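Structure record follows, encoded as structure tokens.
The values are calculated or read from the model by the stated rules, or taken from the named source; none is laboratory data. In this text the structure is predicted, and so the values were computed from the model without any measurement. So basically every Cβ, Gly included, is an ideal-geometry build from the backbone, and we count neighbours across all protein chains shown.
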Amino acid sequence: MTTKLVLLGARLKCDKAAPGPPTTLTITPAHLVTGGRKPAAVVDDHLPTNIPTFGMCTSTTNPAVAADPTKAPKPCLPQVPAPWSSGAEGIRFDGKIALTDDSCCQCALGAGKITIDDAGSEGLRVSR
């Protein structure tokens, strides 16, 4: 199976987010891909500094949405306590597992599944 490395500029989506503009993964600190022009993400890039808001959250498990009698969407505040799933075990940057486009993580606040919509890797494929 081949997947793409996730690089700077990757777009994310959450299955509990209201429709809106794309959210871009922030990669800190930068891990440069050998021979590449963009920093690569690792599975530990799951903090609020890495995953910005998706706009509005529609999940009724989000306490703010649940408390509203109309269940109207409320501002999204991603809370991702665990690293991204999977990644490319055989590829590491500074000892950390590289993030791939088939990885996902879970928001603890709204129970949304966060996935990679566009890896931003322009064809940098890896085999599993």
- Residues ALA111, ALA67: which one is at pLDDT 95 or above and surrounded by fewer than 18 Cβ atoms within 10 Å (Cβ to Cβ)? ALA67
- On the given criteria, is PRO73 surrounded by 15 or more Cβ atoms within 10 Å (Cβ to Cβ), over 15 Å from LYS13 (Cβ atoms), in contact with an Asp or Glu (Cβ under 6 Å, 6 or more places away or on another chain) and modelled with pLDDT of 95 or more? no
